[in-house]
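Structure, as structure tokens:
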Amino acid sequence: MRLAAMGILHETNTFSPNPTDDDAFEHSTIGGGPGVLLGEQVWDVYGHTGNTVAGFRDAASLPGLEVVPIAFASTHPGGTFPAATFERIATGQLERLAAAGPFDGVLLAQHGAMVVEGFPDADAEFIRRVRGVVGSSVPIGNVMDTHGNVSPAQVHGADLTLLWQTNPHVDCRDRGLAVARLVAQAVRGEIQPVQAIVNPPLAANILAQNTADEPMRGLLAQARSLIETTPGLLDISIGEGFPYADVPTMGMAVVAVADGDPAIAQRAAETIAGAIWEQRHAFDPRGVPVAEAVLLERGDTHGPVVLLDVGDNMGAGTPGDSTFILEGLLAARRTGFLLTVHDPAAVVTCVAAGVSAQVTLSVGGKFDGLHGTPQIVTGRVRILSDGHFQAYGIVHGGHKAFDGGITAVVDTAGGSTLVLTSLPVMTMSLDQHYSLGIDPVRYDLVVAKGVMSPQPAYGPIASRLVYVDTPGISTADPRRLGHQHRRRPMFPFEQDTQWSVTTR
Amino acid sequence: MTRSHPNVLVAGFSHELNSFIPGVSTAEVLAVAGPTVVGADLFGPSVGIDLELHAVAAVAAELGVTLLPSIYMWGGVGPVIEDSVYDRLRQRILHDAQLERERLDGVLLCLHGAMATQSVDDTEGDILAAVRAIVGPDVPIVATFDMHTHGTARMAASADALIGYRTCPHTDYFATGARAMRLLARAMAGEVRPTVSMRKLRMTASAEHHDTNHGPMVEVQALARELEGTPGILDVTVFATQPWMDVPELGWSVMVTTDGQAALGQATADRLGRAIWARREAFRVPKVPLHAAIERARASSGIPVVLSDSADTTTGGGNGDGNLLLAALLRDPRPDDSVALALTDAAAVDECMAAGIGAEVTLQVGGSLTPDFFSPITLTGRVITLADGHYDSELPVKPRDVGGIAVVAHGGIQVVLTREKASQLDASIYRRAGIWPERVRILQAKSAGGFRAAFDRFSADTMYLDTPGPCDSDLTRLPFERIDRPLWPFDADLDEPWAGAGPDPA
């Protein structure tokens, strides 16, 4: 049995003015190199990571299975794709799929929150085109991110839809392997997969999306228990939704897969969607104000206080140069903090000055006028690095090779450390700091730009993780973003939204 | 003599000679290794933290002893000290001793025991004898020493007690200083009359197996502690000697301090001396040829595999420019190599700084400082990290400065170039250079055993490379000229641990 492995995996923040264009794919900071991979390159770059694609590769070792890497494209989160970038990548993948066929099945690694000019639900568009190549009789299994904006068009465009069910994402590879097993069973005729999707009108605040915490923890347990007790029910996925995309499909979703009987899938999806709606107020928590967060003390604890910069969540497509927390720390005259800023201009200054040189820098706040103003910092250049690093241990999304571009470490006159990167590399591995000779445990306060993605790395060293309620295009409260294209009414925008699984 | 607040003169110096590296340790060279401090700064942080002097200060405060600090020099390891440097130190100490003579109740010197100048082989014996001549026979003199002391008859004759480290890697600086100060206080109070008995052995051994956590030294130290329990014995110290110093009195010694019981002291020193002699073969170091070591490391199921380039031990006098491991790796690089090794080369660091971060460079590296053993080799690679040289080491906890760092990557071989030599008693130089040592497959340690306390915490396997160098563990390969013979292992058939001792009991 021959299965094709492919996909375009991208999380698009439509509030970002920085398009996910050819340049963004030229150099993926989360893949450590080119973002568009063809053929065996896919296995070379992603085969040993924790990503969905690695799970597809694992499936190649199952008896009787051949998995052919067609192509895979991914890059760090960013703004809406220009149509030409999407067309180039999609066409390239589809031509290779057609040329390498025929296949018995297709394995897709998508995100579910990809937005392209003209295609607000670009994942659905891509799935539709894949179907066009392979035809209706070839099963398509698709794995998407826990917080994709999962739509009926995506789900019904494929035969099997599974979402990652962890956030931070640490089960991507397992879900990749799981969908491959199901596709193989479908090809052999051992199962007849049928799917159902229910979309409650609910946008989940990012602060409520950690699957280790309530309300997600309990809902996932309920879903697991339903699978175990319902004959014929193969899988349930809860989609948390990606509130930073201004599209009609934005919001939560429940996808159920059953064997043969659509009513079983429908009932399961409705049950979980109903439970989610019951808890909708728990999906709307608040972070800690900046002025309060910057005063937190590590005290006599084992590790630093880790401040999570919610409004500059690079995993949600922000520029990574927010200065709201830096401004607060400087105003509070804090010492002993470690903060990472994406600022190529400041790096250029440091490189020109050289190691050990004194520099005065205007740091951050430069990309879009939405993430604070540049802050003046004086200090000494301690280290310059080419910015490449490998991540070890459990990493959000299973990423392995990272590239921050030329990176400078500056010890500030105030006794703190700034890490300045040339590329928008996400702060989700301690190896980023290790590669710069920095032991983050020694600091009083460490700032990570993200909400969920830093937690697998920073959680173990943090004496406390704090969601800081910073402004920005990934702000915790979706009401601040000014959506134009979302469904209406929708919670929490319209607090009195009425909905029930039975009155849809 | 039993003043309620006795006055104690405190002074000292620390340097470890390696006779097989070229040059002279001038004041400028020594200043790079560490500070020279006077007055109250002896007890401050500039020398380090939790060292002997800090213990002396702490215990003195506890016991109500007034300290009169003179001068202290921390000089690291290297070639012979320039005569004028020692002359100045000596003059200052003797001047202060003379000045304070009338009110002195005791003297405490913190020494290393392996410092030699262009014309003085035994500076420690010399300073102890000179201070004794000033303070007279009734003022107790206690001195602390490193384990790598080439104990001499003059040291033993001039001091009332010689107190040495009991650990290697050395972690008991503070405990040693505290023990010395407490003993001195008891002597000043007239509670004990310490006297030193000494036994010199016709034996020397490379530093690898001085390790008190593994191998034959574990038993030697255990026996020393057991003997210390004998009534009348105040301290039992084993000096394993710095093996790479070409001086007449090279060799192990045992120093036993008793409460006026010289005969017991001598019998105890002899008993421990025989026990060490009986274990001498166990002090030989099993070395692995370069190629075999690299292959074993590449095949290892666990990482990292630590390769000790012990012949270029930077804390034993090596300059850290030994490039034989790098040369072997570059002859046959593999796509999946994952290597970190540090190398001293100031010119190469400067070239990298000039080329800039990310630049492709072709450099001549290593071999520039120790031409008797090494010669430069060509390294082509990419400058992936540039850094200043400041960091804190873990063993001991101490601020360091190697003057500048550049990391050049040739595939997976990461060469950490430093302007000044870096201690590899722990892996902090690698961490500072952005390499987490736990992550690499092959990790070089230019250390002859001291590295194990830190590296064993995370290493999967450890080998001693069979490389030549100024700290070669095969001592017979080195050009010793001045050592007293016979001396094991140079005289491998030697059957008496000292003249007249008789051969080993069957």
Report task. May I ask you to sort B:Cys352, B:Cys471 by Cβ crowding, counting other Cβ atoms within 10 Å and putting the fewest first? Result -> B:Cys352, B:Cys471
Query raised in the report: In whole angstrom, how far apart do the alpha carbon centroids of region B:463-486 and region B:244-305 sit?
Result: 14 Å
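In the protein assembly as shown, what percentage of the DSSP-assigned beta bridges are antiparallel, given to the nearest 5?
Around 50 percent of the beta bridges assigned by DSSP in the protein assembly as shown are antiparallel ones.
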**Report entry** Cα centroid separation, region A:7-55 to region A:236-286 (Å)
**Finding:** 27 Å
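How high is the relative contact order of region B:313-412, given as a whole-number percent (alpha carbon pairs under 8 Å, six or more residues apart)? Display every interim value, and only then the final one.
On the way: 163 pairs, mean separation 25.7, N = 100.
Once normalised by length, the contact order is 26 percent.
Would you mind working out the magnitude of the charge dipole of region B:277-404 relative to its Cα centre, with +1 at each Lys and Arg C-beta and -1 at each Asp and Glu C-beta, to the nearest 20 Debye?
Numbers: 11 positive and 17 negative charges, 135 e Å.
Roughly 640 debye, rounded to the nearest 20.
Can you tell me the FRET efficiency between B:Arg485 and B:Ala278 if r is taken as the Cβ-Cβ distance and R0 is 25 Å, rounded to the nearest 0.05?
Details: r = 21 Å, r/R0 = 0.84.
So the FRET efficiency works out to roughly 0.75.
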**Report entry** Virtual paramagnetic centre 7 Å along Cα→Cβ of A:Thr335, amide N under 19 Å, in region A:364-387
**Finding:** A:377-382
Query - For region B:370-482, the fraction of alpha-carbon pairs in successive 5 Å shells from zero, as % - result: 2, 10, 18, 21, 21, 17, 7, 3, 1, 0
Requested in this report: Could you count how many Lys pairs in chain B have their Cα atoms under 26 Å apart, skipping same-chain pairs fewer than 8 positions apart?
Outcome: 5
Query raised in the report: Among the aspartates and glutamates, which fall within straight-line cross-link reach of A:Lys449, defined as a Cα-Cα distance under 17 Å, with same-chain neighbours fewer than 8 residues apart omitted?
Result: A:Glu11, A:Asp309, A:Asp312, A:Asp321, A:Glu327, A:Asp343, A:Asp368, A:Asp403, A:Asp431, A:Asp469, A:Asp477
Requested in this report: Assign unit charges at the C-beta atoms only (+1 for Lys and Arg, -1 for Asp and Glu), then state the dipole size of region B:194-306 relative to its Cα centre in Debye, rounded to the nearest 20.
Outcome: 400 debye
**Report entry** Computed Rg/Rh of region B:184-258, alpha carbon atoms with Kirkwood Rh
**Finding:** 1.04
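Figure the gain on full extension for B:Leu63 and B:Ser4 (residue separation times 0.36 nm, minus the Cα-Cα span) and round it to one decimal in nm. It would help to have the intermediate numbers written out before the result.
Values: separation 59, 0.36 × 59 = 21.24 nm, distance 0.96 nm.
So the extension gain works out to 20.3 nm.
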Query raised in the report: Say the dipole of the protein assembly as shown comes from +1 at the beta carbon of Lys and Arg and -1 at that of Asp and Glu; which of B:Ser473, B:Ala153, B:Pro6 then lies farthest toward its positive end?
Result: B:Pro6
Report task. Mind jotting down the distance between the C-alpha centroids of region B:363-428 and region A:358-375, whole Å? Result -> 35 Å
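Assuming R0 = 60 Å, can you tell me the calculated FRET efficiency for the pair B:Ala292 and B:Arg193, based on Cβ-Cβ distance, to the nearest 0.05? Walk me through the intermediate numbers first.
Values: r = 56 Å, r/R0 = 0.94.
Once the sixth-power term is evaluated, E becomes 0.60.
Give the order of B:Lys200, A:Lys449, B:Lys287, B:Lys421 when sorted by the count of other beta carbons within 10 angstrom, beginning with the fewest. Please report the intermediate quantities before stating the final value.
On the way: B:Lys200 23, A:Lys449 35, B:Lys287 20, B:Lys421 28.
The fewest-first ordering by Cβ neighbours comes to B:Lys287, B:Lys200, B:Lys421, A:Lys449.
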Query raised in the report: For B:Ala129 and B:Glu360 in the same chain, what is the full-extension length gain: residue separation times 0.36 nm, less their Cα-Cα distance, in nm?
Result: 77.3 nm
Query raised in the report: What is the dipole size for the protein assembly as shown, taken about its Cα centre, with +1 at each Lys and Arg Cβ and -1 at each Asp and Glu Cβ, in debye to the nearest 20?
Result: 980 debye
Query raised in the report: Does anyone have the angle between helix B:123-135 and the longest principal axis of chain B? Alpha-carbon axes, 0 to 90°, nearest 10?
Result: 30 degrees
Report task. Measure nothing fancy, just the Cα-based angle from helix A:344-353's long axis to the longest principal axis of chain A, in degrees from 0 to 90, nearest 10. Result -> 40 degrees
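What average number of partner chain Cβ atoms lie no more than 10 Å from the Cβ of the residues making up A:375-387? Write down the numbers at each step before the final one.
Values: counts 0, 0, 0, 0, 0, 2, 3, 6, 10, 10, 10, 11, 4.
Other-chain Cβ atoms within 10 Å of each residue's Cβ, averaged: 4.
Please order A:Ile206, B:Ile405 by the number of other Cβ within 10 Å, starting at the fewest.
Numbers: A:Ile206 31, B:Ile405 28.
So the residues, fewest neighbours to most, are B:Ile405, A:Ile206.
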Requested in this report: Would you please give the residues with an amide H less than 5 Å from that of A:Phe242, counting only those at least 5 places away or on a separate chain, with H modeled from the backbone geometry?
Outcome: A:Asn149, A:Gly251
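Normalised by the residues of region A:370-476, what does the relative contact order come to in percent, with Cα pairs under 8 Å and at least six apart?
Numbers: 154 pairs, mean separation 27.0, N = 107.
That works out to 25 percent.
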Report summary line: In nanometres, the difference between 0.36 nm per residue of separation and the alpha-carbon distance of A:Arg217 and A:Arg480 is 92.0 nm
Report task. Relative to the longest principal axis of the C-alpha atoms of chain B, give the angle of the C-alpha long axis of helix B:262-278, reported between 0 and 90° and rounded to the nearest 10°. Result -> 20 degrees
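Under the definition of partner shielding as Cβ atoms of other protein chains within 10 Å of a residue Cβ, what is the mean value for peptide A:438-448? Can you show the working numbers first?
Values: counts 3, 4, 0, 0, 1, 0, 0, 0, 0, 0, 0.
Going residue by residue through A:438-448 and averaging, the value is 1.
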Query raised in the report: Relative contact order, percent, of region B:1-127 when contacts are C-alpha pairs under 8 Å separated by at least 6 residues?
Result: 44 percent
Query raised in the report: Residues of region B:270-289 with amide nitrogen under 11 Å from the 7 Å Cα-to-Cβ point of B:His214?
Result: B:286
Query raised in the report: Based on the Cβ-Cβ distance from A:Ala263 to A:His302, what FRET efficiency comes out when R0 is 45 Å, to the nearest 0.05?
Result: 0.30
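How many percent of all Cα-Cα pairs in region A:249-321 sit more than 19 Å apart?
Beyond 19 Å sits 64 percent of the P(r) for region A:249-321.
Just so you know, all these numbers are worked out from the coordinates, no wet-lab data involved. Because the structure is predicted, anything quoted here is derived from the model rather than measured. For neighbour counting, all protein chains shown are included, and Cβ atoms are generated from backbone atoms with ideal geometry for every residue, glycine included.
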